[in-house]
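What follows is a short report on a single structure.
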Amino acid sequence: MTRRTVPERAPAPDIAGLERKVDAPAGDDMAFRSFLKGREDDEVDGAVRRILSQVRSKTDCRRCRNCCIELQATSRQGDIERISHAVGPSPEDFTGKYLAPDDEEPGLFAMRDKPCPFLREDGCAHYEARPDECRSFPHLDKEGFAWRTLTVIANQKICPIAFEVYQRLKRELWHRGASGAVPFRRRAEKAIYPRPNHRA
Ligand code: SF4
Ligand code: SF4
């Protein structure tokens, strides 16, 4: 959901084909998730950021907007005040009209409807003031990628960027040999097991 400089002729993201492409290698995606937890966090995060930068430069979010259609963006008080200041109604009126409190996290609100009521033909109606969550989706460049992969795997069905980054990362770090059986770049000396307090 970010407005970036991309080539004029960047192809429209292939939303229709995402679900089919994600379903096919689902077993691999989960196995790769376990594999990532055995790697150094810095190594995984660095690879994700490098690949993300390449993928973003070739993806035109303006021709996608699937996250604005499929997800209910969340906001906090700071987001609400910023949007209210930009578009007019008081924070209370804005909250009452468009948002519902999150059941589990105090102070967090979700958009009541989807697609998002602020999605327009040419993008977000209050793009410069949009919630932080919209700015950072699909949340790939935060620290600790290896411990947030359940969300990334789920987001692959919605977001072409999430799909492309996860699949490229898989090919790069865990590429299977010709036999299809052995991840040939796994470090032989490193034990592969989940951390006891894993986060996802
Ligand atoms: S607030 Fe804007 S960027 Fe966020 S979901 Fe709605 S239309 Fe999309
Ligand atoms: S779903 Fe992904 S590619 Fe599509 S607009 Fe949102 S962030 Fe961009």
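Among the conditions (1) within 17 Å of the chain's Cα centre (by Cα); (2) loosely packed, with under 15 Cβ neighbours inside 10 Å; (3) within 21 Å of residue 145 (Cβ to Cβ), residue 52 misses just one, which is (2).
Take the conditions within 21 Å of the chain's Cα centre (by Cα) and hydroxyl-bearing (Ser, Thr, Tyr) and apply them to residue 90. Does it pass?
no
Tallying residues that are outside any strand (DSSP E or B), loosely packed, with under 14 Cβ neighbours inside 10 Å, more than 14 Å from ligand 1 (Cβ to nearest atom) and not acidic (Asp, Glu) within the stretch 93-139 yields 3. Among the residues of the stretch 77-92, those identified as surrounded by 13 or more Cβ atoms within 10 Å (Cβ to Cβ) and small (Gly, Ala, Ser) are 84, 86. Every condition in (1) within 15 Å of ligand 1 (Cβ to nearest atom); (2) assigned by TED's automatic domain parsing to the domain that holds residue 156 is met by residue 45 except one, and the failing one is (1).
The values are calculated or read from the model by the stated rules, or taken from the named source; none is laboratory data. Remember, predicted model here, so these are calculated numbers, not experimental data. All Cβ positions, glycine included, derive from the backbone under ideal geometry; neighbour counts span all protein chains shown.
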